[in-house]
Amino acid sequence: MTLDKRTRKRLLAHCGELHEDDGVDPREFFKADNNHNKPNRKALQLCQQVAQTLGLVLAGEFGDERLHGLQVVSVDPAPDASQLSVTLQSDDACNSTETQEILNRLATVSGRLRSQVAAAICRKRAPKLLFRVIGPTAVE
């Protein structure tokens, strides 16, 4: 920050030498700049609750065997907690047509899934769920 002559002279009257933080508003100087990089703790708690609820609901609520074979891998805010990206893993190896069939089945029961999530969490609005299905991982 560059100081004009009058400000510099006034500051030098109160101190021996000037530093880069002299004359700066303390509210601006000590303001945390990295708040945008911190993960939102409440959003992460919500994701964990939704993952647990969806894991239980998919394990036993539906009569569809394809949905019973799905496991919740992760739930992430996308882009915030009003919309959640749910990554599911299929037990069986499936190609793109089977994956699309699973996504269609999830789309048909997404209302029930969302209502189960709404019953499990304490929020004014239930988050919208976006599903993604991946195949089984190879264990070496």
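Roughly what % of DSSP beta bridges within the chain run antiparallel, to the nearest 5? The answer is about 50 percent antiparallel. Taking the Cα centre of the range 41-134 as origin and assigning +1 to Lys and Arg Cβ atoms and -1 to Asp and Glu Cβ atoms, the resulting dipole is close to 700 debye.
Report D for the range 94-140 in µm² per second (integer): Stokes-Einstein, Kirkwood Rh on Cα pairs, 20 °C, 1.002 mPa s.
Here the translational diffusion coefficient equals 171 µm²/s.
Taking a ≥ b ≥ c as the square roots of the eigenvalues of the Cα gyration tensor, an a/c ratio of 1.5 or more together with a/b larger than b/c marks the chain as prolate. Among the lysines of the chain, pairs at least eight places apart or on separate chains and with Cα atoms under 25 Å apart come to 5. Shown here is the pair-distance distribution of the range 60-140: with all Cα-Cα distances grouped in 10 Å bins from zero up to the longest one, the shares run 17, 49, 28, 6, 0 percent. Each residue in I134, I102 was given a count of other beta-carbon atoms within 10 angstrom of its own, and listing them fewest first yields I134, I102. Put in order of Cβ neighbour count within 10 Å, fewest first, the listed residues D21, D76 become D21, D76. Note on the chain: with a GNM built from Cα contacts shorter than 10 Å, the maximum mean-square fluctuation among E17, E61, E98 falls on E17. Where Lys and Arg each count +1 and Asp and Glu each count -1, what net charge lies around G111 among other residues with Cβ under 14 Å from its Cβ? Local charge sum for G111: +3.
Each value in this text was obtained by applying a stated rule to the coordinates, not by laboratory testing. Please read these numbers as outputs of a predicted model, since none were measured by experiment. Note that we place each Cβ from the backbone using ideal geometry, even for glycine, and neighbour counts take in every protein chain shown.
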